[in-house]
There are 2 protein chains.
Amino acid sequence: MSLVLHGYFRSSASWRVRIALHMKRLAYETAPHHLRRSEQRAAEYLALNPQGLVPALVLDGGEILTQSLAICEYLDTTYPEPPLLPANPVQRARVRAFAQVIACDIHPVQNLKILNRLRDLKIDDTAVNDWARAVIAEGLDACESLLAAGPSGEFCFGGRPGLADVCLIPQLGNARRFGLELRWPRLLQIESTCNSISAFRDSAPEYQPDAE
Amino acid sequence: MSLVLHGYFRSSASWRVRIALHMKRLAYETAPHHLRRSEQRAAEYLALNPQGLVPALVLDGGEILTQSLAICEYLDTTYPEPPLLPANPVQRARVRAFAQVIACDIHPVQNLKILNRLRDLKIDDTAVNDWARAVIAEGLDACESLLAAGPSGEFCFGGRPGLADVCLIPQLGNARRFGLELRWPRLLQIESTCNSISAFRDSAPEYQPDAE
């Protein structure tokens, strides 16, 4: 038995968990579900995760975990090295807040599911893409400002990568896919540093078994 | 000096933090920002929270914390009794996942900011309200299913209230405001139990100093 990650190569929430698994040097199997073919709504997958969203992580003992941040926190508690969160409670709160700007306020408002809801309202493709771009840009503006008030360093919060970087890199990937002008020098510098680390590189969508 | 909670009586993210503060029996001052008058976009508040969202919690030492779940986790670490999360890592992950269904996938997709984005696209009020109702209903369906697979008890996860309940009660408040038919017997039972506890009752929007 081993860990099984149910995901989709392009899902940025799945991507976050892949980075965390690679950082912790944990072996896992990939169980892909093609979101554009709605495979995450199949009865078999809904039995795993009634929310019908990826990712879900199935543990050695068969327990099923859902929601990317909850999964990352589980991995961080169970496999403490290298840590995804700092030890100081205020710093932990700042890292989590940064992660939540992305995981609560950017990504769920620009993901495929919501864009399809807009299309159902007869919003045309240009306006749908403008929506995604505006949501991402506004959120990443806040991310850049939050970092300006924090510690310096090569990564989001200091000298090593953590939960904030785990969320940032996939979100920048989404920003690129929507053709956004990337106007955040600090965020781009962090991305470039992260991409020099194999845990981040190996987790990228294009290297996944279900990549198209 | 004391804790200062920047919020809005009707904001469900502020409401979550109020419940956590009351559960931990922490005194705090209320600094209201009227969302419908865009006071959270004022320069003075943006200096506190560049994201321009409530809540923000200012600590005794002047440190500013943002994002409701990050704030609740900070309070839980710093003031451990009563705990908002169980000790077992898998159970912790399940409670956090439930909280994130609400805080990531329901609330940010139905809050005032997003509904205003829809209005900017000339979506009429009926369709905007239908959007909110659909997002809430789908999310609460998932919540009810997640609980069916978990431990029994009067609260979301067992015999005492925690982070899941802290998120659920305000979200049910939103469901009511949008006139949703409340078709989730377990969730409603939990709500009724929570409302018998003063920490939940005293945190309700109608008892806040800025209530209208």
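I want the antiparallel fraction of DSSP beta bridges within chain A, as a percent rounded to 5.
DSSP beta bridges in chain A are roughly 60 percent antiparallel.
What the phi angles of region B:195-212 give under the Karplus curve with 6.51, -1.76 and 1.60, with θ = phi - 60°, is a coupling list of 5, 8, 9, 4, 4, 6, 4, 5, 8, 4, x, 5, 9, 8, x, 8, 4, 10 Hz, glycine and proline written as x.
Convex hull volume of the Cα atoms in the protein assembly as shown, per residue, in Å³? Mind dumping the intermediate values first?
Numbers: hull volume 58.8 nm³, N = 424.
Hull volume over Cα atoms, normalised by residue count, gives 139 Å³.
For region A:3-82, take the alpha-carbon Rg, divide it by the Kirkwood Rh, and send me Rg/Rh.
Working: Rg = 12.0 Å, Rh = 12.5 Å.
Answer for region A:3-82: 0.95.
What are the lysines whose alpha-carbon lies under 29 Å from the alpha-carbon of A:LYS122, with same-chain residues fewer than 8 places away excluded? Those lysines meeting the cut-off are A:LYS113, B:LYS113, B:LYS122. Counted over region B:3-82, the DSSP beta bridges are approximately 55% antiparallel.
Using the count of nearby Cβ atoms within 10 Å as a rough guide to exposure, how do B:VAL58, B:VAL90 rank from fewest to most? Mind dumping the intermediate values first?
Values: B:VAL58 19, B:VAL90 15.
Taking fewest neighbouring Cβ atoms as first place, the list is B:VAL90, B:VAL58.
Pairwise Cα separations in region B:89-199 fall into 10 Å bins from 0 onward with the following percentages, short to long: 14, 46, 28, 10, 2. Can you bin chain B into rounded, prolate or oblate? Criterion: square roots of the alpha carbon gyration tensor eigenvalues sorted a ≥ b ≥ c, rounded for a/c under 1.5, prolate for a/b above b/c, oblate for the rest. Oblate shape, in that a/c is at least 1.5 and b/c is the bigger or equal ratio.
Amide H to amide H, with H built 1.01 Å from N, A:PHE155 comes under 5 Å of A:ARG160, counting only residues 5 or more places away or on other chains.
When only DSSP loop residues count, what trypsin sites (Lys or Arg not before Pro) in region B:168-212 have their Cβ near at most 14 other Cβ atoms within 10 Å?
Working: sites: B:ARG176, B:ARG177, B:ARG183, B:ARG186, B:ARG201; in loops: B:ARG183.
Qualifying residues, ordered by number: B:ARG183.
Mind checking which of A:LYS113, A:LYS24, A:LYS122 has the largest fluctuation in a GNM of chain A, springs on alpha carbons under 10 Å? Highest fluctuation of the listed residues: A:LYS122. Across all Cα pairs in region B:117-157, the calculated P(r) in 5 Å bins from zero up to the longest distance comes to 5, 21, 18, 13, 12, 10, 9, 9, 4, 0 percent per bin. DSSP beta bridges fully contained in the protein assembly as shown are about 60 percent antiparallel. What is region B:148-212 by shape, rounded, prolate or oblate, if you read a ≥ b ≥ c off the alpha carbon gyration tensor as root eigenvalues and call it rounded for a/c under 1.5, prolate for a/b larger than b/c, and oblate otherwise? Here region B:148-212 falls in the oblate category.
Just so you know, all these numbers are worked out from the coordinates, no wet-lab data involved. Being a predicted model, the structure only gives us computed values, none of them experimental. As a convention, Cβ positions derive from the backbone with ideal geometry for all residues, glycine included, and neighbour counts pool all protein chains shown.
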